[in-house]
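A short reminder: the numbers here are calculations on the coordinates, not readings from a lab. Predicted model, so just to flag it, every value in this text is computed and none were measured. Don't worry about glycine lacking a Cβ; one is built from the backbone with ideal geometry, like all the others, and counts go over all protein chains shown.
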Amino acid sequence: MADISNSTSTNSAQAVKAGGLMAWLEPQQNRILVLAALAGIALALPLILNNYAMEVMSSVWFYVVLCLGLNIVVGYAGLLDLGYAAFFAVGAYTTGILTSHFGINFWLTIPVAIFFSICAGVIIGGPTLRLRSDYLAIVTLGFGEIVRIIARNLEITGGASGLIGIEKPSIMGFELNEIQHFYYVFLLLAILACFISYRLQHSRLGRAWQYVREDEDAAEAMGINRVGIKLYAYVIGAIFGGVAGCFFAAKMTAISPETFMFQQSVLILLGVVLGGMGKIPGVIIGAFALVLFPEVFRELGSMRILVFAVVMLIIMLYRPEGIWPAKK
Amino acid sequence: MALLEVKNLMLSFAGLDVIKDLSFSVENGSIASLIGPNGAGKTSVFNCLTGFYKPNDGDIIFDGNRIVRKKPHKITKHGMARTFQNLRLFKSMTVLDNVMSGMHCRTKAGPIAAVLRHGAQQREEAETKKFCQECLEFVGIPEFEDHISSNLSYGNQRRVEWARALATKPKLLLLDEPAAGLNHDEKQQLIALIKRIRDELGITILLIEHDMGLVMKVSEKITVIDYGQKIAQGNAEEVQNNPKVIEAYLGKEEEEIA
Ligand SMILES: Nc1ncnc2c1ncn2[C@@H]1O[C@H](COP(=O)(O)OP(=O)(O)OP(=O)(O)O)[C@@H](O)[C@H]1O
Ligand SMILES: [Mg+2]
């Protein structure tokens, strides 16, 4: 019995290698199987991991949300955004200010943060999305820096030292204060982000993004308002970043402008491009690589950044489409 | 009644006149052609009509609306669809997805509907799919709906473009050299298709074409331009016998030979 199951499993493993993992993932039930198994593992991780590993894994889920958010802008709509950390900052500061200065309940700050994220998305996206992609990159870069500098210089945002004493949220009297709690919160957010991304990708709007990405003029000729469609992507990406920022502030209980530097935007963009733009599993892998790589190679000290850069270069040279394989 | 009226259209690039004081009209329910030698400005006229070029002067009235200087997607929504002289398919997408782009301006599900997938959204998606399959059926390639569009033969890729334009539910269809690159059989099928689009779907057609046989066979009214100016107008016979037209074409040929 053990023999048979063993041989079939090696057989199927070979089949997977030969026929390609992608082919095996094609049928819906296989995909659901894999997703269920992964979700099971993710849910069970707190039982076996120590606190340090939990911190790292929470950070992974957190970056999954940010990368999926930026993926809507970069991967789906094909816009280069170098200032994504700004939206993350908008969410984090909204929660930080409202809870620490005004004593407002954490959960109530989320809709406010969503509102501000939408405003920020429209203000920056509205006038700039008509620009060519390379100009857009520069404008978004500038926008990211402006938001950080504003946060650094206003009194309400706590200036350069930032905000401290942000209250931990609670659900029905149960305070979220341990890393395990936040692990599950970020896992839930990541799953929600995947779900929303998937549904958007496979919709009228998702198709429109792809039309515009492939041929803007043809898309426009087919009656698609390219500026409007891009603005949607920009604003939805902003909401992802904003909401992630709310939970980031709640977990850290302190935020400072240095969290939202240009490097942060680049890091998130790296995750998106590394795994494979526009592909949800790819972006998730990218987020994992982003967080895990520096942790795994901690002994290397400052050399690890160099090693990271080299690995990145190699991946981009040999897999310009990202780690995750392209369809067909 | 004229569905499309072009009045004193002017267009220039860097001081060079591409279209000069051009006026013509297309009757509702007709099949009309715009012909002229290479570089006469035919595609530029289409680009002005569909909003891709902003004319320097003149007026374009389509279905009672002034559409000059409007955005291309707005004009498509008003009911004007086009195909491109060089294929402009969404290459890595399936044939059906390509055609579904045409229905975009006739549907409205936004991001919230996409995430919730409520009844109205599902109905809209199903209707979109069904209508686009009908469009593919109409142009004769229903069996290719799941193929990646760039894997199709050239002739079939042309058909995808026609189906995509039909999916916008247009009143007026602009075809820019639809017969270019087609073999004899495919041209015959194209002639039949153009007539069916008008007769069965009631869509008015304006086409640019170099294949004079095809033009003379299908068009009820022909406008001839050269150097951006109208030099003749009329039915096939009138145009064929017009000395200015003969000169424009022969003159060009001599230049090309020389
Ligand atoms: N965007 C542009 N910028 C500058 N010149 C242009 C532009 N578009 C067209 N032209 C010029 O306008 C003239 C007419 O071009 P157009 O493409 O309209 O000709 P056409 O009649 O469609 O020719 P063909 O039969 O070869 O397709 C050409 O001389 C071309 O170089
Ligand atoms: Mg042309």
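Given contacts defined as C-alpha pairs under 8 Å and at least six residues apart, what's the relative contact order of segment A:245-316, whole-number percent?
Relative contact order here is 19 percent.
Using a 10 Å cut-off on Cβ atoms, rank the peptides A:23-31, A:111-119 from the highest mean neighbour count down.
A:111-119, A:23-31
By how many degrees, between 0 and 90 and to the nearest 10, does the Cα long axis of helix B:184-201 differ from the longest principal axis of chain B?
70
Return a whole-number percent for the relative contact order of segment A:52-261, with Cα pairs under 8 Å and 6 or more residues apart as the contact set.
After rounding, I find 45 percent.
Separation between the B:A120 and A:N50 pseudo-spin-labels, each 7 Å from Cα along Cα→Cβ, expressed in nm?
5.5
Straight-line reach from A:K168: which aspartates and glutamates have a Cα under 17 Å away, not including same-chain ones fewer than 8 places off?
Partners found: A:E55, A:E178.
Within 10 Å of each Cβ in peptide B:166-178, how many partner chain Cβ atoms are there on average? Round it to a whole number, please.
The mean count of partner-chain Cβ atoms within 10 Å per residue comes to 1.
Of chain A, which part is the longest with no GluC sites (Glu not before Pro) in a loop (DSSP not H, G, I, E, B) and with at most 13 other C-beta atoms within 10 angstrom?
The longest uninterrupted stretch comes out as A:1-154.
With the cut-off at 20 Å, tell me which of the pairs B:K221/B:K244; A:K230/B:K71; B:K54/B:K77; B:K171/B:K195; B:K171/B:K230 have Cα atoms farther apart than that.
As for pairs spanning more than 20 Å Cα to Cα, those are B:K171/B:K230.
Per residue of segment B:121-133, what does 6.51 cos²θ - 1.76 cosθ + 1.60 with θ = phi - 60° give for ³J(HN,Hα)? Whole Hz please, x for Gly and Pro, Karplus curve as stated.
With the stated coefficients, segment B:121-133 comes to 5, 5, 4, 4, 4, 5, 5, 4, 4, 5, 4, 5, 5 Hz.
Summing Lys, Arg as +1 and Asp, Glu as -1, what charge do residues with Cβ under 10 Å from the Cβ of A:L79 carry, A:L79 excluded?
+1
With θ taken as phi - 60° and the coefficients 6.51, -1.76 and 1.60, list the Karplus ³J(HN,Hα) couplings across segment A:35-40 in order, rounded to whole Hz; mark glycine and proline as x.
So the Karplus estimates, Gly and Pro as x, are 4, 4, 4, 5, 5, x Hz.
Where Lys and Arg each count +1 and Asp and Glu each count -1, what net charge lies around A:I124 among other residues with Cβ under 15 Å from its Cβ?
Result for the neighbourhood of A:I124: +1.
How many angstrom separate the Cα center of segment A:204-276 from the Cα center of segment A:282-328?
With segment A:204-276 and segment A:282-328 each reduced to a Cα centre, they are spaced 21 Å.
So, counting K/R as plus one and D/E as minus one, what does the shell of residues with Cβ under 10 Å around B:L173 add up to?
Summing Lys/Arg as +1 and Asp/Glu as -1 gives +3.
Once every DSSP H run of n ≥ 4 in chain B is given -39500 (n - 2.57) and the sum is divided by its residues, what mean residue ellipticity at 222 nm do you get, rounded to the nearest 500 deg cm²/dmol?
-13000 deg cm²/dmol
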